[in-house]
Every structure is written in structure tokens, then in C-alpha cells.
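S.K.: First, the structure itself, so that you have it in front of you.
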Amino acid sequence: MRIGLIKERKTPPDRRVVFTPQHLKVLEKKYDQLKFVVEPSDIRIFSDESYREKGIEVSSDLSECDVLVGVKEVPEDALIPDKSYFFFSHTIKMQPYNRDLLKAILSKNIKLYDHEVITDQSGSRLIGFGRYAGLVGAYNGFRALGMRDGLYELPKVEDLADLEAVKVALDKVSLPKIKICLTGKGKVAHGAKEILDYLQVKEVSIEDYLAKTYTEPVFTQVGVLDYNKPKDTTLTSVDKYHFYENPELYVTDFTRFTKVTDFFIAGHFYGEGAPYLISGEDAKSEDFNINLIADVSCDIQGPIASTIRSSTIADPFYGYDPQTEKEVPFDAKNAITVMAVDNLPCELPKDASEGFGDMFEKHVIPAFFNSDKDGVLKRALMTCDGELTDGYAYLQDFVDA
């Protein structure tokens, strides 16, 4: 079996890769029948030579590969017909900007395995860059705080070598007494929490966070049932799974947090039909206290009114005026400072690639050699023989539109 690591061709350039040179060396040694070919790239965080030094073939000819693996969407004209691909297609939510890509995948008889739906039997994702999005998103939030209020200066993450360098940079941060609310319990939120823990921000219970004042910076971490509540007040037997399956039966309870929070880190997953956390009217309220939002989830015109567009690594911050609902400078008076970069892991390509490769090596590669006994490949397969698979047949109207 031959697996090709493809060059990332999407703009803006992405320096991440699914496997590091060390990963490939270990995998070729572990599986005698497995060989890798690396397509040359001048942007990848690991050089072509670093792969050659590990004895890995580097070649522009991937025609003999059985499987081709990348990170971001592959341009339509770069897709090789009749191959199997792994990458983030960003199509499962019917994203209109990738409709033509999905059509091309089908017309070229490609088997598409989407990284986003590589899951276990319970539906939990097995691989992804969520932790690194959380790490960089929280760091960027504190960078914005320092810049806006003249408290300290932090370099951009993209100018730092790795996560260790990020932590060294954070050593210069001295925080004022602020309250920080972190939403989410998944990999993104855990990544953000790593930054909060490194800065030694004290974690407090939700009850204390809402009721008490502090002379030091504190944070609380909240899950979906902490910031949503059933419309039916007599409904007592609820859990997060009930919410996920019936979001329309809930209303937001996040306003109790907006009254006492200074800095909001959004690390939650937002599903269709779920209540908004912050509406435009909420942000206009006199008792709305939040003035800085690091929206790691970055759902445009979604559950957080101030996230009116995604920002960029080059220009990560903007301001939102709650009264006019318009964009203003990030440090404008009475504005909410917003960080809404939608490709945060790109800022930490070395660590993100190492972490992603670890997960792919553990959860996906074995499936090729054990007859996919856990169904990992089957669940992730979106297209086959020029058609959508059963699990993704709901995309047919989207494709036909």
C-alpha cells in the first residue's frame, strides 16, 4: 500500500501536514507493506530534505499511490481521478463555497474520507486540530487585551517556533482582576484552558463566578446545560444528549454570564437550531459587561452577534459597536474587541502537525490493516463509485442545486 502526502494548494498557504518525517519513518518500520511518497512543497513546515533524511521518498509523481492525504481542500483541477483522498472538505454542513468541489469529487470517481467525520462508534471525533485552535485562540485573546489596554506586548504566535516558545512569551503577562468565561468541554476548550492554567488564572465554580467579586483574575468553564435551559420549566430529566438532539426545546441562559464577564472565550460547538448565546439586543443591554471575545468557534453571523466576519492571522482583531452593530477599530471606545481567526492552528504548524499525526497514526492507519474492524473508515467515507454514501445522502439536493 502506498500513501501520498500531498502539497497544500489552498490560498492562503497552510504550512501544516498530516504526518511529520518521524511519523512516516515509524509507520514504514511498523508496517512492512506500507510505503509513503511525499509531494514536494516549499511551504510545508517540514522541508522536503527532512523527509529524505528519514528515508522517505519525495516525488511529484503520486500516480501509483493508493491513498492521498492532505489537510485542507484540494483544488478541483488538482484532484486525481479514481483515487482515495483524506482531507477536510468542509462540505458536510452544505457549505456553498465548496459545492463545486464536492461535484468534482463525485464526477472524478474519488473516494473521499473527510477528517471531520473520522469518529468512534459514539460519534466523537478521533482526530482534529481543536486543541491547537483553543491554544492559539486563547493566546490571541490575551494578546488583544494587552494591546488594547496597554498592559503588555505579546508577539504573534506565527512568529514563534512552537508551543514552548508560546509559553515563554506568556511569562511576561501580568493580568488585571478580570472574569473570564470559557464555553465548551471539548478539545478546543481544553486547549484554551491550557493557556488559562499556564497563566495560573484561578478556576472557580459557576456559582461563585456569578455571585462573588475577586481581587485576582478568575475563570469558569461552562457546558451546554450551563448556558442553555429547557423552555419547559417542568422538564427535569435533561442531559447534554437531549440538548444535542432537541436544541429547539431550549432557550439561552447565557445572559447570567454576560452580566459579570469581562473576557469571553468561545470554545463550544454550535449546532443548527441551538439558541444564540449573544444576540444583538443582548449586547445593547446596559448590564452587558463583556468587552473582549476570543471566538475560537467562529460561526459567522451565528450564536455570537459580534462575530460579523472572520478575521485573519495578519489582522486578527476588530471591534464591534453594540449600538450600531457595525465594525469599528478593535480599540474603539465602548466597542467589544473581537478575535475571530478561522484558521488558528495554522499559526502553530509544527505542534499542530505533530499532534494530528499522532492521532491519525493511532486511529486511522490500523484500520487499513485490520479490515476496518471498528468502522472508522466506513463512517468517514462520504463518496464512493461516483455517489454519496448512505450516511451523506442528505447532501444530494445540495450537490444538485
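S.K.: Return the distance in nm (one decimal) between the two label points of a simple spin-label model at Q95 and D358, each offset 7 Å from Cα along Cα→Cβ.
M.R.: 2.6
S.K.: If the viscosity is 1.306 mPa s and the temperature 10 °C, what translational diffusion coefficient in µm²/s does Stokes-Einstein give for the stretch 130-347 when Rh comes from Kirkwood over Cα pairs?
M.R.: Answer from the Stokes-Einstein relation: 91 µm²/s.
S.K.: Can you pick out the pairs among K93/K202; K202/K350; K10/K103; K172/K350; K185/K212; K103/K187 whose Cα atoms lie more than 28 Å from each other?
M.R.: K93/K202; K202/K350; K103/K187
S.K.: Multiply the residue gap between K378 and S237 by 0.36 nm, knock off their C-alpha separation, and tell me the result in nm, one decimal place.
M.R.: So the chain would gain 47.4 nm between K378 and S237.
S.K.: How many angstrom lie between the Cα centre of the stretch 91-156 and the Cα centre of the stretch 329-401?
M.R.: 7
S.K.: Could I ask something else about it? Tell me the label only: which of (1) 1.04; (2) 1.23; (3) 1.13 is Cα Rg over 2.2 N^0.38 Å as calculated from this structure?
M.R.: The calculated read-out lines up with (1).
S.K.: Next question. Along the Cα→Cβ direction, 7 angstrom out, place labels at A165 and K202. What is the inter-label distance in nm?
M.R.: 3.5
S.K.: Now, a different point. Want the number for D287 to L225: 0.36 nm per residue separation, take away the alpha-carbon distance, what's left?
M.R.: Extra length available between D287 and L225 comes to 20.1 nm.
S.K.: Right, next: Restricting to Cα pairs below 8 Å that are 6+ residues apart, what does the relative contact order work out to for the chain? Please round to a whole percent.
M.R.: 18
S.K.: Once R0 is set to 51 Å, what does the formula 1/(1 + (r/R0)^6) return for the Cβ-Cβ distance between A78 and R256, expressed as a FRET efficiency to the nearest 0.05?
M.R.: Plugging the Cβ-Cβ distance into 1/(1 + (r/R0)^6) gives 0.55.
S.K.: While we're on this one: In the chain, if the dipole is taken from +1 on Lys/Arg beta carbons and -1 on Asp/Glu beta carbons about the Cα centre, which of N109, L160, P12 is farthest to the positive end?
M.R.: L160
S.K.: Can you give me the pair-distance distribution of the stretch 44-116, C-alpha pairs, 10 Å bins, whole percents?
M.R.: Over the stretch 44-116, the share of Cα pairs per 10 Å bin runs 17, 46, 26, 10, 0 percent.
S.K.: Moving to a separate point now. List the GluC sites (Glu not before Pro) in the stretch 15-113 that DSSP assigns to loop (not H, G, I, E or B) and whose Cβ has at most 10 other Cβ atoms within 10 Å. Which are they?
M.R.: When the GluC sites (Glu not before Pro) of the stretch 15-113 are filtered for loop state and at most 10 Cβ neighbours within 10 Å, E64 remain.
S.K.: Work out the FRET efficiency for R309 and D32 from their Cβ-Cβ distance, taking R0 = 51 Å, and round it to the nearest 0.05.
M.R.: Values: r = 50 Å, r/R0 = 0.98.
With R0 = 51 Å, the Cβ-Cβ based efficiency is 0.50.
S.K.: What are the ³J(HN,Hα) values, in whole Hz, obtained from phi via the Karplus relation 6.51 cos²θ - 1.76 cosθ + 1.60 with θ = phi - 60°, for each residue of the stretch 304-316 in sequence order, with x given for Gly and Pro?
M.R.: Taking θ as phi minus 60°, the curve returns 10, 4, 6, 8, 8, 7, 7, 9, 10, 4, 5, 9, x Hz for the stretch 304-316.
S.K.: Can you give the charge dipole size of the chain about its Cα centre, rounded to the nearest 20 debye, using +1 on the beta carbon of Lys and Arg and -1 on the beta carbon of Asp and Glu?
M.R.: It works out to roughly 540 debye.
S.K.: What order do you get for 165-171, 225-231, 132-138, 352-358 when each peptide is scored by the mean count of other beta carbon atoms within 10 Å, highest first?
M.R.: 132-138, 352-358, 225-231, 165-171
S.K.: Testing the spin-label approximation: label points 7 Å from Cα along Cα→Cβ at L151 and S279. State their distance in nm.
M.R.: Calculated label separation equals 3.1 nm.
S.K.: Within the stretch 76-105, what residues put their amide N at less than 14 Å from the label point 7 Å along the Cα-to-Cβ vector of E387?
M.R.: None, by backbone N distance to the label point.
S.K.: Right, here's the next one. Taking amide hydrogens as modeled 1.01 Å from N in the peptide plane, which residues meet the under 5 Å criterion relative to V328, leaving out close sequence neighbours?
M.R.: Here the answer is G319, Y320, D321, since their amide H atoms fall under 5 Å of that of V328.
S.K.: With charges set only on the Cβ (+1 for Lys and Arg, -1 for Asp and Glu), what does the dipole of the stretch 1-101 come to about its Cα centre, in debye to the nearest 20? Let's see the in-between values first.
M.R.: Numbers: 17 positive and 18 negative charges, 97 e Å.
In total the dipole reaches around 460 debye.
S.K.: Then there is this: In the chain, which helices (entire DSSP H runs) extend 20 Å or more along their own long axis, judged by Cα positions, while averaging at least -0.5 on the Kyte-Doolittle scale?
M.R.: Passing helices, by number: 130-149.
None of the figures in this text is laboratory data; all of them are computed from the coordinates on show. Just so it is clear, the model here is predicted, and its values are computed rather than measured. Every residue, glycine as well, gets a Cβ built from its backbone with ideal geometry; the counts of neighbours run over all protein chains shown.
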